[in-house]
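Worksheet for the structure shown next.
What follows draws every value from the coordinates through simple rules; no lab data is involved. Note that the coordinates shown come from a computational prediction; the quantities given were computed from them, not determined experimentally. Here the Cβ is made from the backbone with ideal geometry for all residues, glycine too, and neighbour counts use every protein chain on show.
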Amino acid sequence: MAVPSGTSNPTVVLPPTAAISDSYRQGIEAGVLGAATIAIWFFLVDLISGHPLFYTPNVLGTALFRHGAGLDQPQTLAISFEMVLVYTWVHGLVFCVIGGIAAKLLAIAERDVNVGFGILLLFVIFEFGFVGAAMIFAESILHAIAWLSVLVGNLLAAAAMAAYFWRHHGDLQVSP
């Protein structure tokens with residue numbers, strides 16, 4: 001027997017496991033979106049600059065898995081489909097992890113308004129820290145791939161992920 005509660009709309013309470021699953025799903029989807037955005041960006045950069053297709057993931061994969069062997073003359077580096085696939089896979093996984101962390105942080109920020117500003121500040125530090133670390137530790141890669149392309153690609157990926165999260169967390173309030 002139903003008892004009237006005096007409310008016009010019933011409140012749906014998700015069990016904790018459903019909320020966790022939704023958070024993971026959002027993180028993976030945002031991560032895939034960010035990875036795809038940056039992959040498309042570098043595909044277009046390679047196409048416009050006259051480099052062979054998949055030049056950028058090949059260079060980055062060589063730097064990551066072959067410790068930069070052959071990056072002294074990156075224009076002569078042969079495109080390895082295996083290197084492109086392995087790098088793309090790892091890149092996608094890293095973005096999914098970043099998306100998962102962002103989704104969990106946003107779930108926390110929805111419960112505590114004051115946490116949102118800290119998350120925003122953490123994002124800004126992380127973004128510029130990445131570019132700074134790349135300039136310091138990955139100089140040979142930045143000779144093969146322009147640092148401005150890396151910065152723009154990361155900002156585009158971050159914007160795509162932020163738009164995704166904004167759509168799913170539209171009621172989020174950020175307060176310093």
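Of the residues making up region 101-114, those that are under 13 Å from residue 25 (Cα atoms) and surrounded by fewer than 16 Cβ atoms within 10 Å (Cβ to Cβ) are 101, 104. Of all residues in region 132-151, those being surrounded by 15 or more Cβ atoms within 10 Å (Cβ to Cβ) and under 23 Å from residue 33 (Cβ atoms) number 5.
Taking region 65-100 as the search range and keeping residues that are surrounded by 14 or more Cβ atoms within 10 Å (Cβ to Cβ) and touching a His at 6+ places or on another chain (Cβ under 9 Å), which one is farthest from residue 50 (Cα to Cα)? Result: 71. Checking each residue in region 37-52 for being under 22 Å from the mean Cα position of the chain (by Cα), more than 12 Å from residue 144 (Cβ to Cβ) and either outside any helix (DSSP H, G or I) or without any contact (Cβ under 8 Å) to a residue 24 or more places away in the chain (or both) picks out 40, 43, 44.
The one condition from (1) more than 16 Å from the chain's Cα centre (by Cα); (2) surrounded by fewer than 13 Cβ atoms within 10 Å (Cβ to Cβ); (3) not acidic (Asp, Glu) that residue 117 does not meet is (2).
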